[in-house]
């Protein structure tokens, strides 16, 4: 730690002499530029800027006019993303910096603002840029993350359906491994449609189901309470609605992935056609095509 402090005091050669530092906030940002650039332009080296897009474009133009070529930006929440993208669009090299790095470097004076300290450390080459994927990969990753969020939300509605069924003493989970599999979905949809005969409901049994029709019919002898049927109906509607949004995500991912190279990479044994594992395998297979192989992790 002492050696690092001495390095800061003694080192005079700047790695990035024209670097700026930005302390990211929710409603405004503080920017510090090198003093020699500010004096040359007759302005203060530190200023506060708004968070609106117009403010960010004005900030980028000001930095370019000063001669700033590199900007260190703190990775604060998601507020840094618009700043990063606007600055990058104006030709500036932007370094995304973990705020924790600033705490590990000693020697900071109490009267120095965060943006000034960020600018100083950046100019001396004491910061490390976080990895940021290409803009093309960011688009694909955003859709993949949305898809994952929708899957999580859809699973929560399946749990509510299961709870409503249990409250009516419909023991589907005892005879089916997946309540929303082919057999389970057909039964639930018939229940919502008004079917109450256990034997009629049990006829939806698929051959792969281990339980017999008689066992399924026995599990479907329930107490058909209206309030629980109402909850089941609502939960199924939400499940289907999210399913439509998932289909939109899948279509979007297909379009993005189809635009890539046709090169293929072997990622293991091919699961059974039509299974959930097969769908996930196909997505992973396509994501391993260049250039995504080194940049994209679904759900990252």
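Throughout, read-outs are computed from the coordinates displayed, never taken from laboratory work. Keep in mind that what you see is a predicted model, and the values were worked out from it rather than measured. For neighbour counting, all protein chains shown are included, and Cβ atoms are generated from backbone atoms with ideal geometry for every residue, glycine included.
Here are some notes:
- Percent of Cα pairs exceeding the 26 Å cut-off, where the set is the range 45-166: 38 percent
- In this rough spin-label picture, where each label sits 7 Å from Cα along the Cβ direction, the residue 221-residue 132 distance is 6.6 nm.
- Computed over the chain: relative contact order in percent, which uses C-alpha pairs under 8 Å that are six or more apart: 16 percent
- One compactness figure for the range 109-180 is 2.24, namely its Cα radius of gyration divided by 2.2 N^0.38 Å.
- Principal-axis tilt of helix 53-66 within the chain, Cα atoms, nearest 10 degrees: 30 degrees
- Highest mean first, the peptides 145-151, 81-87 sorted by other C-beta atoms within 10 Å per residue fall in the order 81-87, 145-151.
- Protection proxy ranking of 226-235, 189-198 - average other beta-carbon atoms within 10 Å, highest first: 226-235, 189-198
- Note on residue 250/residue 39: beta-carbon distance plugged into 1/(1 + (r/R0)^6) with R0 of 41 Å gives a FRET efficiency of 0.15.
- On Cα atoms only, tilt of 276-287 relative to the major axis of the chain in degrees: 30 degrees
- Cα Rg, Dmax, the range 153-277, angstrom units: 17.9, 56
- Relative to the longest principal axis of the Cα atoms of the chain, the long axis of helix 226-258 makes an angle of roughly 50 degrees.
- Modelled spin-label separation between residue 14 and residue 52, with each label point placed 7 Å from Cα along the Cα-to-Cβ direction: 3.2 nm.
- Calculated Rg and Dmax of the Cα atoms in Å (choose from (1) 19.1, 67; (2) 18.9, 60; (3) 28.6, 88), label: (3)
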